[in-house]
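The values are calculated or read from the model by the stated rules, or taken from the named source; none is laboratory data. These numbers come from a predicted model, not from an experiment. Quick reminder, even Gly has a Cβ in these numbers, built from the backbone with ideal geometry, and neighbours come from all protein chains shown. Ligands, DNA and RNA are stripped out before the accessible areas are found, and what is left, the full protein with its side chains, is counted by its heavy atoms. Shrake-Rupley method; radii C 1.70, N 1.55, O 1.52, S 1.80 Å.
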Protein chains: 2
Amino acid sequence: MSNVYAVIMAGGSGTRFWPRSRAAWPKQFLVIGHGDDSLLQRTVARIEALIPPERVFVVTNERHVEATRKQLPRVPADQILGEPAGRNTAPCVAWGPAHVRRRDPDAIIAVLPADPHIGDEARYLDVLRAAINAASGDALVTIGITPDRPETGYGYIELGDAISGTTRTAKRFVEKPDRATAESYVASGRFLWNSGMFFFRVDAINRAIAQHLPVLTDAMKRYDAAATLGREAELVAQTYASLPSISFDHGVMEKADKILVVPGEFGWDDVGHWASAWELADKDARGNAAPESSVVIDSDNCYVQSDLGKTADGRIIALVGVRDLIVVDTQDALLVIPRERAQDVRDVIAELKRRKQDKHL
Amino acid sequence: MSNVYAVIMAGGSGTRFWPRSRAAWPKQFLVIGHGDDSLLQRTVARIEALIPPERVFVVTNERHVEATRKQLPRVPADQILGEPAGRNTAPCVAWGPAHVRRRDPDAIIAVLPADPHIGDEARYLDVLRAAINAASGDALVTIGITPDRPETGYGYIELGDAISGTTRTAKRFVEKPDRATAESYVASGRFLWNSGMFFFRVDAINRAIAQHLPVLTDAMKRYDAAATLGREAELVAQTYASLPSISFDHGVMEKADKILVVPGEFGWDDVGHWASAWELADKDARGNAAPESSVVIDSDNCYVQSDLGKTADGRIIALVGVRDLIVVDTQDALLVIPRERAQDVRDVIAELKRRKQDKHL
């Protein structure tokens, strides 16, 4: 499988992880769950058996190129691509693969979000292999996650005909449903969560983009020409921001003819907010996840994050008699919020914007 | 009243205000309630109309002498007395007045704790005047606070016969009662809270101490002799720690013959823990007291203290969706505790001691 490449989409801003995540330090750089790797580092590490770092490309905001290179020293520096502006995922899924195509016109590409959590990495690799196999023809392939709850925060994929093994056709993509619809989806057994992972041959994605988003095909041709002259960066700087801002799901997958879905069940979590971080963390007998130096007394199901408390003589975080609370402590900001309100961190962001306190965003 | 002096007892350690208050920065130095004055500064400022700083003496731990001099620049430096060791209040009420007596053998002395909150300072001064007048004879005088609730955290004084004006004799002193007893005290109308404020003439206190704690009389005579030689500090350093550790209430007031009580009602609060700080603070419409730079969203009756958030570009404290919570944020520690658990800060102190993290105490 030496023709298999990965394009990691690392364009996130991650306001839902304020104050740890900032405009300058988005979610993919955060260490969440077990171990010391960031979500991005884990995403690259867990595919290594199939796709080694030398065949990994990362598309991120140009502001984050340096930090990304530091986090991924084994990925060649020129394969960390900086977008001058975030334009949703479709331009990213055109541009990353364009770089792969220049190197290997017969490549099969796995496009992977930088920041999901994967609980069972062995099973994940099995599903990845199946998806790569399914993409060896002319189909666009995605992985659909078997839902374990009627989640209203994710998109869904309705399954169609069986193809081979577990692989099915995709009947349709649906956006985040309301609660009742989500419940009917889960009950039906015919719907999977949209994982945002895509697999395709270079020629297949070229055809699909030419058919559904031809403006991107034109742009990539010009980038190819500029690359031949060694001037791609210049042209990207001038033109990338004018590409259409549209998701790859919406712009291509929902319209393409032949979409296949490989179902997967491997402890996937899109790590949407601090409550997910608590879910994924190692917890003590009373459900608390806190730095060892913390003093947590008569408290339950709390999540404490503080870089400042990692050393014995560092900052002490003391919690007494609280429940279901998230406490995130950084150098210049502190957040205290109940777990069930974790999504409302956006209200803090809105207030800081209103106050023009950009320094804290 | 140029013969009226104050001795401020500033020996507190204030673990109940951790992490703001520390061994090295006790409660009397804290700014709690309105304004920018510390409790100690307010204690000195509010008596100024009766007792100017040049007639104020402060007894504090020797570690806190420098900080006390800085907080009270108008009190002569040699009137800030440092105890080599805390020995409860009786040695302090002997030693502070000994200094006054050397200067003015006809002095009347007001012994005042450094750190209560007084809501109505004009009424307080009226009561102070009455107590000073009552002390112009040979009685030991105290102020009793008219209770507004069956508080079990304070000592009580039972009233005896009327003397003149509102002044009464004290029938007995009682230690912190249980709930039922406290309720019966308040219902009876015959009990007041013990404020820990004492008023007496120099000769009256000398007689009382000689009668009930003669070991202190002996010690003060030796200190007087050493002072004459300019070597008091030396003798104090050698001997103070060996004085009996006993409260003035217990060692003298409860045994003395003639105790008078002046009742007072002036918004007195002994500022026992963070919940009191919330009570005394200026609060917004939803009952929150927080630095202006904080972001407090959909929260009620919370108290946030952070030096770090006072400036616009400083630290941001964000609270979302929480109730009745105390958040105290200092350079090297953070406390999160419900208001009703405020007394349990002592559990944090105990845990830090167990871990030998003296730096944070």
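If we hang a label 7 Å off Cα along the beta carbon direction at residue B:136, how far is it from the matching labels on the other copies, in nm, shortest first?
For residue B:136, the other copies' label points sit at 10.9 nm, shortest first.
In chain B, with Lys and Arg counted as +1 and Asp and Glu as -1 at Cβ, which of these residues, B:192, B:208, B:303, has the Cα nearest the positive end of the dipole, that is, farthest along it?
It is B:208, whose Cα lies furthest towards the positive end.
Restricting to the range A:40-177, compute how many DSSP beta bridges are antiparallel as a %, nearest 5.
That works out to approximately 60 percent antiparallel.
Any idea what the dipole of the range B:1-97 comes to, in debye rounded to 20, about its Cα centre with Lys/Arg Cβ at +1 and Asp/Glu Cβ at -1?
So the magnitude is around 320 debye.
Give the B-A buried accessible area in Å², both sides summed, 1.4 Å probe, nearest 100. Let's see the in-between values first.
On the way: alone 16390 and 16380 Å², together 29920 Å².
Buried area between the two chains comes out at roughly 2800 Å².
Which percent, nearest 5, of DSSP beta bridges in the protein assembly as shown are antiparallel?
Taking every DSSP beta bridge with both residues in the protein assembly as shown, the antiparallel ones total about 45 percent.
Taking each full run of DSSP H in chain B as one helix, which ones are at least 15 Å long along their axis (Cα atoms) and have mean Kyte-Doolittle hydropathy of at least -0.5?
Counting only whole DSSP H runs, the qualifying helices are B:89-103, B:121-134, B:202-212, B:214-228.
Go through the range A:191-296 and name the trypsin sites (Lys or Arg not before Pro) that are in a DSSP coil and have 14 or fewer other Cβ atoms within 10 Å of their Cβ. If you can, show how the numbers build up before the last one.
Working: sites: A:201, A:207, A:221, A:222, A:231, A:255, A:258, A:283, A:286; in loops: A:231, A:255, A:258, A:283, A:286.
Filter output for the range A:191-296: A:231, A:255, A:258, A:286.
Which percent, to the nearest 5, of DSSP beta bridges fully inside chain A are antiparallel?
On the way: 27 of 57 bridges.
If we restrict to bridges inside chain A, about 45 percent are antiparallel.
How far is residue A:250 from itself in the other copies, in nm, if each label sits 7 Å out from Cα along the Cα-Cβ line, shortest first?
For residue A:250, the inter-copy label distances come out at 7.4 nm.
To the nearest 0.05, how large is the calculated FRET efficiency for residue B:123 and residue A:31 if R₀ is 45 Å and r is the Cβ-Cβ distance? Please report the intermediate quantities before stating the final value.
Working: r = 58 Å, r/R0 = 1.28.
Between residue B:123 and residue A:31 the formula returns 0.20.
Report the Stokes-Einstein translational diffusion coefficient (µm² s⁻¹, integer) for the range B:23-82, Rh taken as the Kirkwood radius over Cα pairs, at 4 °C with viscosity 1.567 mPa s. Intermediate values should be presented prior to the final figure.
Numbers: Rh = 11.7 Å.
The Stokes-Einstein estimate is 110 µm²/s.
Placing the label point 7 Å from Cα along the Cα-to-Cβ direction, what are the distances from residue B:52 to the equivalent spots in the other copies, shortest first, in nm to one decimal?
Distances to the matching label points in the other copies: 8.7 nm.
Counting other Cβ atoms within 10 Å, which GluC sites (Glu not before Pro) in the range B:222-316 have at most 13 and lie in a DSSP loop? Can you show the working numbers first?
Working: sites: B:232, B:234, B:254, B:265, B:279, B:292; in loops: B:254, B:265, B:292.
Sparse-neighbourhood loop GluC sites (Glu not before Pro): B:292.
For the range A:202-264, what relative contact order do you get, as a whole percent, if you take Cα pairs closer than 8 Å and at least 6 residues apart?
It rounds to 36 percent for the range A:202-264.
From other protein chains only, count the Cβ atoms within 10 Å of every residue's Cβ in A:295-302, then give the mean.
Details: counts 12, 3, 8, 4, 2, 0, 0, 1.
The per-residue average across the peptide is 4.
Counting partner chain Cβ atoms within 10 Å of every residue's Cβ in A:86-96, what's the average? Intermediate results must be reported in sequence, preceding the final value.
Details: counts 0, 0, 0, 0, 0, 0, 0, 0, 0, 0, 0.
The shielding value for this peptide is 0.
Please report, in debye to the nearest 20, how large the charge dipole of the protein assembly as shown is about its Cα centre when each Lys and Arg carries +1 at its beta carbon and each Asp and Glu carries -1 there.
On the way: 88 positive and 98 negative charges, 138 e Å.
Computed about the Cα centre, the dipole is about 660 debye.
Report the one residue of A:294, A:45, A:182 whose Cα lies farthest in the direction of the positive end of the charge dipole of the protein assembly as shown (charges on C-beta: Lys and Arg +1, Asp and Glu -1; origin at the Cα centre).
A:45
May I ask you to evaluate 6.51 cos²θ - 1.76 cosθ + 1.60, the Karplus curve with θ = phi - 60°, for each residue of the range B:293-302 and list the ³J(HN,Hα) values in order in whole Hz, giving x for glycine and proline?
6, 5, 10, 10, 10, 6, 10, 9, 6, 9
I need the per residue convex hull volume for the range B:110-259, using only the alpha carbons, in cubic angstrom as a whole number. Display every interim value, and only then the final one.
Numbers: hull volume 20.2 nm³, N = 150.
In the range B:110-259, the Cα convex hull volume per residue is 135 Å³.
Mind checking the per residue accessible area of chain B for me, 1.4 Å probe, whole number of Å²? Each step should come with its number before you reach the end.
Details: 14970 Å² over 361 residues.
Per-residue accessible area for chain B comes out at 41 Å².
Determine the dipole magnitude for chain B: charges of +1 sit on the beta-carbon of Lys and Arg, -1 on that of Asp and Glu, nothing else is charged, the reference point is the Cα centre, and the result goes in debye to the nearest 20.
Details: 44 positive and 49 negative charges, 169 e Å.
Computed about the Cα centre, the dipole is about 820 debye.
What is the percent carbon and sulfur in the accessible area of chain A, measuring with a 1.4 Å probe over the protein chains and ignoring ligands? Please report the intermediate quantities before stating the final value.
Numbers: 7180 of 14960 Å².
The value for chain A is 48 percent carbon and sulfur by accessible area.
When all protein chains stay in place, what accessible area (Å², nearest 10, 1.4 Å probe) is found for residue B:146?
For residue B:146, solvent-accessible area is about 50 Å².
When the helix-only estimate is applied to chain B (DSSP H runs of n ≥ 4, each -39,500 (n - 2.57), divided by the residue count), what is the mean residue ellipticity at 222 nm, nearest 500 deg cm²/dmol? Before the final figure, lay out each step's value.
Numbers: 10 runs with 104 residues, N = 361.
Using -39500 (n - 2.57) per qualifying helix, the result is -8500 deg cm²/dmol.
Of all GluC sites (Glu not before Pro) in the range A:9-115, which ones are in loop regions per DSSP and have a Cβ with at most 15 other Cβ atoms within 10 Å?
Details: sites: A:48, A:54, A:62, A:66; in loops: A:48.
Of the GluC sites (Glu not before Pro), the ones in loops of the range A:9-115 whose Cβ has at most 15 other Cβ atoms within 10 Å are A:48.
From the backbone phi of the range A:257-264, what are the Karplus-calculated ³J(HN,Hα) couplings (6.51 cos²θ - 1.76 cosθ + 1.60, θ = phi - 60°) in whole Hz, Gly and Pro given as x?
Each residue of the range A:257-264 in turn: 6, 10, 10, 10, 10, 9, x, x Hz.
List the residues whose amide H sits under 5 Å from the amide H of residue A:323, counting only those 5 or more places along or on another chain, with H placed 1.01 Å from N in the peptide plane.
The answer is A:300.
Which whole-number percent is the relative contact order of the range A:55-146 (Cα, under 8 Å, 6+ apart)?
Working: 61 pairs, mean separation 19.7, N = 92.
21 percent.
Mind counting lysine pairs for me in chain B? Cα separation below 23 Å, and the two need to be 8 or more apart along the chain or on different chains.
Count of close lysine pairs: 14.
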